[in-house]
Amino acid sequence: MTNRAARLVLTVNGATHVVDAVAQTPLLYLLRNDLALNGPKFGCGLGECGACTVLLDGIPTRACVTTAEVALGREITTLEGLGTRTALHPVQQAFIDEQAAQCGYCLNGMIMTAKALLDRDPHPSVATIQRELSRNLCRCGTHVEIVRAVQRAAQLLAAQTDVHDGARG
Ligand code: FES
Ligand code: FES
């Protein structure tokens, strides 16, 4: 392990970025400070709250306790990689539709974790949604709306799939 800065090549939201940093730097710092990707939030900084969640090769990962070195050669997806302001990802749209936020600080982690769940399991039960999100903390207590948002997201994604299948058939 070295404390010297090195050229680190990160693949974030499909684009390649080169940053000069110590390989042990938390990934969250590079995303927010060097790449201006502020979707992932700094909450506890200890891997406990989930506010900083990104996907590493599709797996929800706490960027505050993941070093840049661990992310090298892997596909990093942040909230910014899901949708755009004019074309939201169905999970983002569902969270808006269900008004599943008060302060909104936890939402990055909730949305990224939900996205990974729905990629794996397009029709999760309420119990599965609750279990998957149980390690993402929401201080505002919007859990009921958040679970509803994930259910709605599953419906939106299913409808999208039906439209695509219909267009193909
Ligand atoms: S800020 Fe990373 S888990 Fe809380
Ligand atoms: S909406 Fe405030 S922490 Fe979840």
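Readers should treat all values here as calculations from the given coordinates under stated rules, not as data from a laboratory. Just so you know, these numbers come straight off a predicted model, no measurement behind them. Cβ atoms come from the backbone with ideal geometry, glycine included; neighbour counts cover every protein chain shown.
Of note:
- Distance from the alpha carbon centroid of the range 98-169 to that of the range 17-55 works out to 23 angstrom.
- Neighbour-limited loop hits for trypsin sites (Lys or Arg not before Pro), the range 66-169 (at most 10 other Cβ within 10 Å; DSSP other than H, G, I, E, B): Arg85
- Added length on full extension, which subtracts the Cα-Cα distance from 0.36 nm per residue, Tyr29 to Leu137: 36.8 nm
- If R0 is taken as 30 Å, the Cβ-Cβ distance between Thr86 and Ile59 corresponds to a FRET efficiency of 0.60.
- In this simple spin-label approximation, Ala127 and Ala158 carry label points 7 Å from Cα along the Cα→Cβ vector, and these lie 1.9 nm apart.
- Backbone geometry of the range 89-98 corresponds, through the Karplus equation with coefficients 6.51, -1.76 and 1.60 at θ = phi - 60°, to 3J(HN,Hα) couplings of 5, x, 5, 5, 4, 5, 5, 6, 4, 8 Hz, x marking Gly and Pro.
- Gyration tensor (alpha-carbon) shape descriptor, the range 90-168, a/c threshold 1.5: prolate
- Charge sum, other residues only, whose C-beta stays under 12 Å from Asn13's C-beta, Lys/Arg counted +1 and Asp/Glu -1: -2
- R0 of 41 Å, Cβ-Cβ distance Val22-Gln102: FRET efficiency to nearest 0.05: 0.65
- The stretch between Ala6 and Leu72 holds 22.5 nm of extra length on full extension. This uses 0.36 nm per residue minus the Cα-Cα distance.
- Across the range 145-155, computed HN-Hα scalar couplings (Karplus, 6.51 cos²θ - 1.76 cosθ + 1.60, θ = phi - 60°) run 5, 5, 5, 4, 5, 5, 4, 5, 4, 4, 5 Hz from first to last residue, x flagging Gly and Pro.
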